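**Student:** Right, I'll just put the structure down here and ask away after.
The values are calculated or read from the model by the stated rules, or taken from the named source; none is laboratory data. Note that this is a predicted model, so its numbers are computed, not measured. Reconstructed Cβ throughout: ideal geometry from the backbone, glycine too, with neighbour counts over all protein chains shown. Only protein heavy atoms, including side chains, enter the accessible area calculation; ligands, DNA and RNA are left aside. Shrake-Rupley method; radii C 1.70, N 1.55, O 1.52, S 1.80 Å.
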Amino acid sequence: MKETIIISLGGSIVVPNLPDAEFINSFKSFILEEVKKGKRFIVIVGGGKTCRNYQDALNKTITATVTDLDWIGIYSTRLNAELIRMSFGKYASGEVILDPSVLPSFSQPIIVGAGWKPGWSTDYDAVMMAEQLNAKKIINLSNIEYVYNKDPKKFEDAKIIKKSSWADFRALLPKEWSSGLNSPFDPVAAKKAESLGIEVAIMNGKNLENLKNYLNGEKFMGTTIS
């Protein structure tokens, strides 16, 4: 049985403003090198700034419902995911996986997933897929190096958190998830991950050497929640 690694890939690093082809190429090369070592990957892609831009535009044209905002966000994750899936060519699944409870067989070493339905974030999708595979680790790649105890952009005394229990981490999060929420990890997904005994590592996805260190069990920059 090959090692299966689940990555929740933040849309903010795939499409910070426009699609970042340089990052996508680097990410692709890195993943394919790991595939050569016998690993296989599930990559669930988020909406990021694309999601928030579309939600902001929708809010300016209609009185958008929560479901409306969810759906526009979901479709943004699917667009981002298709970009990632196609970049892997023959190495990726033939289509983007939407339902996290129904996983295809690994005929290719990389499966790419996206948002499924209202009320579910891509973080939650990643946790659901981990449950299906009985996987105990998820890597969350975003545009931050660490989780802080409070917003470092607003508070100069914000402190880095390198390791945290789920109870302490969840105390920092909103109680509920909302579409377009800018949070280190979806609070509903966090609750589910805790119940399943899953470890989540949060790190900056642009630093692929750092990701390599984590995969090799070496010292890395990031926050681990378990």
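**Student:** Between I72, I202, I161, find the one with the highest GNM mean-square fluctuation for the chain; connect C-alpha pairs within less than 10 Å.
**Tutor:** I161
**Student:** In addition: Percent relative contact order of the chain, based on C-alpha pairs within less than 8 angstrom and at least six residues apart?
**Tutor:** Here the relative contact order equals 22 percent.
**Student:** Please compute the modelled spin-label separation between D151 and S165, points set 7 Å along Cα→Cβ, answer in nm with one decimal.
**Tutor:** 2.8 nm
**Student:** With a Förster radius of 41 Å, plug the Cβ-Cβ distance of E218 and D68 into 1/(1 + (r/R0)^6) and report the FRET value to the nearest 0.05.
**Tutor:** My answer for the efficiency is 0.35.
**Student:** Something else now. Can you work out the accessible area per residue across the chain, with the rest of the protein chains kept in place, probe 1.4 Å, in square angstrom?
**Tutor:** On a per-residue basis, 51 Å².
**Student:** Another question, then. So how strong a dipole does the range 110-201 carry about its Cα centre when Lys and Arg Cβ are +1 and Asp and Glu Cβ are -1, to the nearest 20 debye?
**Tutor:** The dipole magnitude comes to about 100 debye.
**Student:** Please tell me the relative contact order of the range 105-209 in percent, rounded to the nearest whole number, where contacts are Cα pairs under 8 Å and at least six residues apart.
**Tutor:** Computed value for the range 105-209: 37 percent relative contact order.
**Student:** Quick one: pull the percent of accessible area on the chain belonging to carbon and sulfur, 1.4 Å probe, ligands and nucleic acids left out.
**Tutor:** 51 percent
**Student:** For the range 5-102, what is Rg from Cα atoms divided by 2.2 N^0.38 Å, rounded to two decimals?
**Tutor:** Normalised Cα radius of gyration, the range 5-102: 1.18.
**Student:** Rounded to whole Å and sorted largest first, what semi-axes of the equivalent ellipsoid does the C-alpha gyration tensor of the chain yield via the square root of 5 times each eigenvalue?
**Tutor:** Each semi-axis is √(5λ); the values are 24, 22, 17 Å.
**Student:** Go through K150/K191; K136/K162; K36/K212; K37/K137; K2/K162 and tell me which ones have a Cα-Cα distance over 23 Å in this structure.
**Tutor:** The pairs that break the limit, which is 23 Å between Cα atoms, are K2/K162.
**Student:** With +1 on the Cβ of every Lys and Arg and -1 on the Cβ of every Asp and Glu, and nothing else charged, how large is the dipole of the chain about its Cα centre, in debye rounded to the nearest 20?
**Tutor:** 360 debye
**Student:** Now, a different point. Along the Cα→Cβ direction, 7 angstrom out, place labels at S105 and K36. What is the inter-label distance in nm?
**Tutor:** 2.8 nm
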